[in-house]
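Report on one structure; see the data block that follows.
The values are calculated or read from the model by the stated rules, or taken from the named source; none is laboratory data. From a predicted model like this one, the values you see are computed outputs, not experimental measurements. Methodologically, a virtual Cβ is constructed for each residue, glycine included, from the backbone with ideal geometry; neighbour enumeration extends over all protein chains shown.
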Amino acid sequence: MQERGPVATLSRPGEESPSRRRRGLGRLALTLAVAAVLLAADQVTTSLALVRLHGPVHLIGPLGLDLAFNSGAAFSLFTGVPAVIVPVALVVVGMVVVAAWRSRSTTLSVGLGLVLGGALGNLADRAFRGHDGKVVDFITLTHWPTFNLADAGITVGAVVVVVVSLWRLRPNGSP
């Protein structure tokens, strides 16, 4: 006599199974939660920097704090061209949400959440801070442009997304 284990429910071609849909929703929720935490942390630290930073502060080694305003994108690219930066950021936000919905990896969902939270944090600075569309930066490192938590989230998230994507290209690769 042969025993059978649980069998997946049959679905129509092109239709997602209920369990896959639930996992997709769970990963989307994880992405949104990571984004919300980063967005909140970025906005709180930016507010504190605006209120309390009145000059450069050295913390430890190459790390310091100094208030700066960036009208450009990463590394001050496209400085003074918010007409390009904001639409591109909105497209990135949309692409990240779609990618998170389709994500099959928890690690990828976290990376996408960091990118999403960082993009939303910088968009919030541009829209609501009243500095003529400039992003507030305040973290300094020797030989590195001044940045904020949103920028750090975008950078770390992008690295995670690339690493996970490259890992998945390997035969039998799944993080």
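A few points about this structure:
- Taking the range 65-97 as the range and being of a type in the set (Phe, Trp, Tyr) and either at pLDDT below 85 or surrounded by fewer than 14 Cβ atoms within 10 Å (Cβ to Cβ) (or both) as the test, the residues that pass are Phe75, Phe78.
- Hey, Val51 β-branched (Val, Ile, Thr), at pLDDT below 95, assigned to a helix (DSSP H, G or I) and surrounded by fewer than 18 Cβ atoms within 10 Å (Cβ to Cβ) or not: no
- Scanning the range 158-174 for residues that are among the hydrophobic types (A, V, I, L, M, F, W, C) and either at pLDDT 80 or above or in contact with a Cys (Cβ under 8 Å, 6 or more places away or on another chain) (or both) returns Ala158, Val159, Val160, Val161, Val162, Val163, Val164, Leu166, Trp167.
- The set of residues in the range 119-175 being more than 13 Å from the chain's Cα centre (by Cα) and among the charged types (D, E, K, R) consists of Asp125, Arg126, Arg129, Asp132, Lys134, Asp137, Arg168, Arg170.
- Filter pass, Gly130 being part of a loop (DSSP other than H, G, I, E, B), farther than 26 Å from Leu59 by Cα, free of Cβ contacts under 8 Å to residues at least 24 places away in the same chain and out of contact with any Asp or Glu (no Cβ under 7 Å at 6 or more places or on another chain): yes
- Residue check, Thr45 over 30 Å from Arg23 (Cα atoms), touching a helix residue (DSSP H, G or I) at 6+ places or on another chain (Cβ under 8 Å) and in a helix (DSSP H, G or I): yes
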